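Structure first, commentary second.
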Amino acid sequence: MFSKILSDSICKDEVNLQQKISSTLSVEMEPFSDFESNFHLSFNTKEPLQFQDTEDQEMIFKIKEDDTSLQCQNQELNKRKQKIWNDEEDSRLKFLYVEFLGKWNEIAKHMPQRNASQCQQRWRRINPPKDQSRHIWTQQEDDRLKQLVQDIGKQWMKIAKCFGNITGKQARDRYINKLDQSINKQPWTYEEDMFILDQYINNGPKWTKISNHLNGRPENHVKNRFYSYIKRKYLGEQNRYQIIYS
């Protein structure tokens, strides 16, 4: 009796195993759907997809859109991936700048993972140029400047050396645009405006040459007149400069 039960059990196990194998083979051998076949063909051979319905089309477009978006994000991340400068590198850069007299190719050889362009840009960032274009003039400096022009003439470099804290250009601009007694402080005439406009149209913003033909009108006054009035009045363009410094 026991042997009969064991035999029946073995037979059942064999039947179940055969059914399982048959079921597995049927799944493995089940043909791809039209969408799967088309997608597989397109993916491996780059053949154009053949869509059976709108749902398949929308699905594959969504897949490609997500893939493109991911690629763009990775590219953007790679662009932004950059090693941040630290204090040790900044100190080394300052030392090397003095050592090699600002020769960036030589400096970069001693800066691991940095090229010459990166070293130069970093140097400019940690050592911004000092702005020497603005100088607040005092009454005493104005009086001294006028006296020096009377004594040695318009030799701006020599005059600047007498001050020590200004440049020749600053001395020239201050005298020509503010202190020169020949400056015409009368209202601008229509003829002067037309002359400035004509010269600007034909020759561009060459304010020094234009001012040479207008007695008592310094170049900076001519420029200010053009941008504050002539450009808006006769060319119909708004002034881009809210404040014009003299």
Sort through 178, 158, 185 and tell me the only one that's among the charged types (D, E, K, R) and assigned to a loop (DSSP other than H, G, I, E, B). 185
Go through the residues of the stretch 138-155 one by one and say whether even a single one is under 38 Å from the mean Cα position of the chain (by Cα) and either loosely packed, with under 12 Cβ neighbours inside 10 Å or farther than 30 Å from residue 88 by Cα (or both). no
Those residues of the stretch 107-121 that are touching a Leu at 6+ places or on another chain (Cβ under 8 Å) and open to solvent by 50 Å² or more (accessible area, probe 1.4 Å) come to a total of 1
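Taking the stretch 224-246 as the search range and keeping residues that are among the small types (Gly, Ala, Ser) and under 21 Å from residue 178 (Cα atoms), which one is modelled with the highest pLDDT?
Result: 228.
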Look through the stretch 206-234, keep the residues that are buried (at least 16 other Cβ atoms within 10 Å of the Cβ) and in a loop (DSSP other than H, G, I, E, B), and return whichever of them is nearest to the chain's Cα centre (by Cα). 218
Are there any pairs, at least 6 apart or on different chains, whose C-beta atoms fall under 9 Å, with the first in the stretch 146-162 and more than 17 Å from residue 177 (Cα to Cα) and the second in a loop (DSSP other than H, G, I, E, B) and open to solvent by less than 80 Å² (accessible area, probe 1.4 Å), and if so, which? 157/167
Criterion first (acidic (Asp, Glu), under 39 Å from the mean Cα position of the chain (by Cα), open to solvent by 40 Å² or more (accessible area, probe 1.4 Å) and more than 18 Å from residue 231 (Cα to Cα)) does residue 173 satisfy it? yes
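For the stretch 118-130, state whether one or more residues are of a type outside the set (Ser, Thr, Tyr), part of a loop (DSSP other than H, G, I, E, B) and modelled with pLDDT of 90 or more.
no
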Among (1) open to solvent by 70 Å² or more (accessible area, probe 1.4 Å); (2) modelled with pLDDT of 90 or more; (3) within 36 Å of the chain's Cα centre (by Cα); (4) acidic (Asp, Glu), where does residue 198 come up short? (3)
Selected residue (only one of 204, 216 is free of Cβ contacts under 8 Å to residues at least 12 places away in the same chain and on the phi > 0 side of the Ramachandran plot): 204
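The values are calculated or read from the model by the stated rules, or taken from the named source; none is laboratory data. Values in this document were obtained by computation on a predicted structure and should not be read as measured data. Methodologically, a virtual Cβ is constructed for each residue, glycine included, from the backbone with ideal geometry; neighbour enumeration extends over all protein chains shown. Surface areas here come from the heavy atoms of the whole protein model, side chains and all, with no ligands, DNA or RNA. Shrake-Rupley method; radii C 1.70, N 1.55, O 1.52, S 1.80 Å.
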